[in-house]
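Undergrad: Right, I'll just put the structure down here and ask away after.
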Amino acid sequence: MPHHQIAIIGAGTAGITVAAQLLKKDKKLDVAIIDPSTDHWYQPAWTLVGADTFDMEKTRRDQKDLIPDGAKWIQQRVQSLDPDNNSVSLNNGDVLTYEYLVVAPGIQIDLDGIEGLREAMGKGGVCSNYIDPEYTRETLKNFKGGNAIFTQAATPIKCGGAPQKIMYLAADMFKSMGVDSDTNIVFATPGSVVFGVKEFLPALMNVINRHGITVKFFHKITKIDSVEKKVYFTITATDDSNCIAINEKQSIGEEVTGQATVAIKYDMLHLAPPQSAPDFIKQSPIAHIEGPNTGWANVNIHSMQNPDYPNVFALGDVAALPTAKTGAAVRKQAPVVVDNILKLIAGSKADNQAYQGYSSCPLVTGYGKMVLAEFGYGNKRMSDPLISTFVDTTKEKYSMWLLKKYALPYMYWNLMLKGKA
Ligand SMILES: Cc1cc2nc3c(=O)[nH]c(=O)nc-3n(C[C@H](O)[C@H](O)[C@H](O)COP(=O)(O)OP(=O)(O)OC[C@H]3O[C@@H](n4cnc5c(N)ncnc54)[C@H](O)[C@@H]3O)c2cc1C
């Protein structure tokens with residue numbers, strides 16, 4: 001039976017970062033990373049790929065080149081967890097045992113979470129940067145005007161700002177293609193605000209008004225009819241709010257189809273699909289079994305340690321942390337997890353509780369423009385002093401666009417995944 005001192009599930013942003021930091025601190029550690037994927041993707045740049053300003057191939061690297069020296073890569077899929085016996089079972093039938101487990105398998109896209117989504121996706125103008133940003137690019141470039149509808153999911157998703165970033169870039173693109181005057185851009189969200197951290201709202205509202213984007217609040221997508229090219233929403237507002245839309249246009253052709261359902265015809269539709277924890281996590285003893293976090297990995301929100309199994313940690317998208325699921329969040333979670341594991345190995349308590357929910361969303365608001373939203377638990381603004389001392393990150397800035405397009409990808413491949421940032 002294979003055994004490793006530290007087993008890491010997932011060689012994505014979180015798995016590689018944790019492995020690299022552990023081995024940097026102590027190269028004698030016995031670290032195994034379990035992940036079947038031969039590719040590693042820099043997903044934050046998929047927004048730019050969809051908007052035709054970044055090459056998809058530059059978002060991919062061979063996984064084998066990223067596994068840190070000294071770590072063993074087990075190229076298998078984890079099927080199930082058995083933390084009572086400190087073991088995980090793999091899809092080749094092996095059972096691997098460990099002393100410490102780091103759970104970082106990311107998030108699962110649930111194509112069956114919306115009626116008609118599986119059949120509609122990837123053709124006929126139905127696209128998603130979460131699934132195939134190259135098809136988003138093709139859809140935007142071929143758009144001839146009409147209703148361009150962008151939706152936000154009703155589940156937790158990775159990078160909650162991504163559904164609106166691509167919309168702002170699309171709005172710029174439609175202008176340069178000369179189809180903007182024949183286009184209605186609609187942002188339909190089940191939420192009641194465009195963005196949860198109030199300091200960044202004025203800049204985003206400026207962009208929305210600049211493009212005359214219709215925003216529909218309390219609109220939860222329920223069905224796509226790809227034959228009729230109609231998308232259906234349930235209105236989730238419980239009060240009699242008249243204020244469920246801004247920049248409302250009559251020309252969208254919205255149909256009321258039931259007591260609380262509407263349908264809108266689309267000429268293109270961009271989705272953030274429903275997302276959840278991977279099934280093997282939902283079915284495992286480390287998942288929350290009730291409440292709003294059901295299915296997500298249960299952790300102390302400051303130390304990322306599982307409360308029932310002290311030798312198990314979870315971080316990244318899979319973890320039930322009340323903050324935005326981003327790579328930027330992983331960057332602040334990883335050193336805390338690493339420190340706690342090293343403390344346990346040294347025989348002391350895992351008492352590093354330093355993670356305060358930091359996450360950041362580089363809100364691209366157009367070509368050459370970006371607002372850098374950084375925040376922590378409770379949606380409280382939290383800024384990296386290095387940047388905010390010199391730049392007002394609540395305003396659209398060209399310098400922040402350069403950060404997104406050039407500096408962050410460089411940092412990711414050369415510093416973060418090497419355990420240096
Ligand atoms: C369109 C888009 C835009 C984004 N924009 C930003 C942004 O601007 N800024 C930002 O910080 N973040 C952004 N993100 C989010 C960011 O990419 C994720 O939050 C981050 O990658 C999470 O890291 P992770 O390690 O938890 O998951 P991932 O990096 O997704 O890695 C998960 C890994 O686990 C593996 N795995 C899955 N199941 C198993 C299994 N059963 N057994 C073994 N291995 C398994 C997978 O193969 C994968 O390699 C964006 C994401 C998308 C899709």
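The values are calculated or read from the model by the stated rules, or taken from the named source; none is laboratory data. Everything numeric in this text was worked out from a predicted model, so none of it was measured. Note: ideal-geometry Cβ built from the backbone for every residue, glycine included; neighbour counts use all protein chains shown.
For (1) farther than 20 Å from K395 by Cα; (2) outside any loop (DSSP other than H, G, I, E, B), each residue gets a yes or a no:
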position: A154; (1), (2): yes, no
position: S181; (1), (2): yes, yes
position: P190; (1), (2): yes, no
position: G196; (1), (2): no, no
position: K220; (1), (2): yes, yes
position: F233; (1), (2): yes, yes
position: S251; (1), (2): yes, yes
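Undergrad: Need the failing condition index for V193 against (1) assigned by TED's automatic domain parsing to the domain that holds Y135; (2) farther than 26 Å from T139 by Cα; (3) hydrophobic (A, V, I, L, M, F, W, C); (4) modelled with pLDDT of 95 or more, just the number.
TA: The single condition V193 does not satisfy is (4).
Every residue, every condition in (1) away from the ligand (no atom under 12 Å from the Cβ); (2) of a type in the set (G, A, S), yes or no:
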| residue | (1), (2) |
| --- | --- |
| R60 | no, no |
| G70 | yes, yes |
| R77 | no, no |
| N86 | yes, no |
| V103 | no, no |
| I107 | no, no |
| G116 | yes, yes |
| T136 | no, no |
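Undergrad: Related question: Give the residue that is nearest to E99 (Cα to Cα), with candidates limited to residues of the stretch 294-350 that are within 13 Å of the ligand (Cβ to nearest atom) and among the aromatic types (F, W, Y).
TA: Step one: of the stretch 294-350, the residues within 13 Å of the ligand (Cβ to nearest atom) are 296-297, 299, 304, 313-321, 323-334, 337.
Now drop any that are not among the aromatic types (F, W, Y), which leaves 296, 313.
Working: W296: 22, F313: 12 Å.
The selected residue is F313.
Undergrad: While we're here: Out of A45, A11, A7, A20, which single residue is within 15 Å of the ligand (Cβ to nearest atom), surrounded by 16 or more Cβ atoms within 10 Å (Cβ to Cβ), of a type outside the set (F, W, Y) and assigned to a strand (DSSP E or B)? Before the answer, list the steps.
TA: Values: A45 fails: assigned to a strand (DSSP E or B); A11 fails: assigned to a strand (DSSP E or B); A20 fails: assigned to a strand (DSSP E or B).
Criteria check complete, one pass: A7.
Undergrad: Is it true that some residue in the stretch 366-376 is closer than 21 Å to P163 by Cβ, within 11 Å of the ligand (Cβ to nearest atom), under 16 Å from the mean Cα position of the chain (by Cα) and assigned by TED's automatic domain parsing to the domain that holds G50?
TA: Checked the stretch 366-376: no residue is closer than 21 Å to P163 by Cβ, within 11 Å of the ligand (Cβ to nearest atom), under 16 Å from the mean Cα position of the chain (by Cα) and assigned by TED's automatic domain parsing to the domain that holds G50.
Undergrad: Let me confirm something: among Q283, Q259, which residue is polar (S, T, N, Q), surrounded by fewer than 16 Cβ atoms within 10 Å (Cβ to Cβ), more than 23 Å from M416 (Cβ to Cβ) and within 13 Å of the ligand (Cβ to nearest atom)? It would help to see each step written out before you state the result.
TA: Details: Q259 fails: within 13 Å of the ligand (Cβ to nearest atom).
Sole residue among the options that is polar (S, T, N, Q), surrounded by fewer than 16 Cβ atoms within 10 Å (Cβ to Cβ), more than 23 Å from M416 (Cβ to Cβ) and within 13 Å of the ligand (Cβ to nearest atom): Q283.
Undergrad: Still on this model: Those residues that are within 14 Å of the ligand (Cβ to nearest atom) and surrounded by 15 or more Cβ atoms within 10 Å (Cβ to Cβ), I need them from the stretch 24-40; list them, please. Quick ask: steps written out before the conclusion?
TA: Within the stretch 24-40, the first condition is being within 14 Å of the ligand (Cβ to nearest atom), and the residues that meet it are 32-40.
A32, I33, I34, D35, H40 - these are the residues of the stretch 24-40 that are within 14 Å of the ligand (Cβ to nearest atom) and surrounded by 15 or more Cβ atoms within 10 Å (Cβ to Cβ).
Undergrad: Taking only the stretch 119-140 into account, find how many residues are under 19 Å from A162 (Cα atoms) and of a type in the set (K, R). Walk me through it before giving the result.
TA: Of all residues in the stretch 119-140, those under 19 Å from A162 (Cα atoms) come to 121-122, 125-140.
Next, only the ones that are of a type in the set (K, R) stay: 137.
Selection size over the stretch 119-140: 1.
Undergrad: If you don't mind, another one. Output the residue which, of all residues in the stretch 88-101 that are part of a strand (DSSP E or B) and in contact (Cβ under 8 Å) with a residue 60 or more places away in the chain, is farthest from the ligand (Cβ to nearest atom). Write out each step before concluding.
TA: Initial filter on the stretch 88-101 (part of a strand (DSSP E or B)): 88-90, 95-101.
Still in the running and in contact (Cβ under 8 Å) with a residue 60 or more places away in the chain: 88, 95-101.
Values: V88: 9, V95: 14, L96: 11, T97: 16, Y98: 14, E99: 19, Y100: 17, L101: 12 Å.
Among residues in the stretch 88-101 that are part of a strand (DSSP E or B) and in contact (Cβ under 8 Å) with a residue 60 or more places away in the chain, the one farthest from the ligand (Cβ to nearest atom) is E99.
Undergrad: Further question on the same structure: Looking at the stretch 87-127 only, could you name the residues that are under 22 Å from the mean Cα position of the chain (by Cα) and of a type in the set (S, T, N, Q)?
TA: Q108
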